[in-house]
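**Q** The following block contains the structure, expressed as structure tokens.
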Amino acid sequence: MSYDDNNIFAKILSGQIPCKKIYEDDFVLSFYDINPQKKIHALVIPKGRYSNLDDFSINASSGEIVGLLKGLNIVAKKLGISIDTGKGYRALVNIGEHGGQEVPHLHFHLFGGESAGRMIE
Ligand code: AMP
């Protein structure tokens, strides 16, 4: 699985393109989606060069995997949508062509602030 260093999220990570940052640590960067689908629509991406969830599952270190999962909760808490700070949210990952993935850098979508609705529209 080759990684495209020119994808838009790689450019956000390198600072070439700005983002509306929510949170950052050694493992993840989180920012608001440019085209929000719900009241709150955040993206959480690993800092490593991983094209999709399969690539990440196969190649990421245990630290990176834990860091990403912890990062999801940290961001949800910050946004007030986690189970302990709010009413919950939907985490969604699109993987590859049939999954509808447009940007080839692994990203979790977090939808919250209102009901996420049916799982598949
Ligand atoms: P996916 O279809 O899962 O690959 O989702 C890609 C997401 O990236 C879409 O929801 C886009 O709105 C979002 N997106 C694309 N470019 C940017 C950007 N520059 N900043 C924030 N979100 C973006």
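The values are calculated or read from the model by the stated rules, or taken from the named source; none is laboratory data. Keep in mind that this is a model prediction, so the values were computed, not measured. Backbone-built Cβ (ideal geometry, glycine too); neighbour counts: all protein chains shown. All accessible areas refer to the heavy atoms of the entire protein, side chains included, with ligands and DNA or RNA removed. Shrake-Rupley method; radii C 1.70, N 1.55, O 1.52, S 1.80 Å.
**Q** If the only charges are +1 at each Lys and Arg Cβ and -1 at each Asp and Glu Cβ, what is the size of the charge dipole of the chain around the Cα centre, to the nearest 20 debye?
**A** The dipole of the chain has a size of about 540 debye.
**Q** Let me ask another. Rounded to whole Å and sorted largest first, list the principal axis extents of the Cα atoms in the range 4-58.
**A** 33, 24, 21
**Q** Report the far tail of the P(r) of the range 8-112, meaning the percent of Cα-Cα pairs longer than 20 Å.
**A** Values: 1884 of 5460 pairs.
When all Cα pairs of the range 8-112 are counted, 35 percent exceed 20 Å.
**Q** Under a 10 Å cutoff between Cα atoms, tell me which one of GLY88, GLY100, GLY80 has the largest fluctuation in the Gaussian network model of the chain.
**A** Looking only at GLY88, GLY100, GLY80, the biggest GNM fluctuation is shown by GLY100.
**Q** When the solvent-accessible surface of protein heavy atoms is calculated with a 1.4 angstrom probe, in what order do ARG90, ARG49 fall, highest first?
**A** On the way: ARG90 60, ARG49 135 Å².
These residues rank, largest area first, as ARG49, ARG90.
**Q** Turning to a different aspect of this structure: If you wrap the range 46-87's Cα atoms in a convex hull and average its projection over all directions, what's the area in nm²? Mind showing how you got there, number by number?
**A** Details: hull surface 13.5 nm².
For the Cα atoms of the range 46-87, the hull's average projected area reads 3.4 nm².
**Q** OK, next. Just to check, using Stokes-Einstein with a Kirkwood Rh over alpha carbon pairs, what's the diffusion coefficient of the range 69-121 at 37 °C and 0.692 mPa s in µm²/s?
**A** Calculated translational D: 271 µm²/s.
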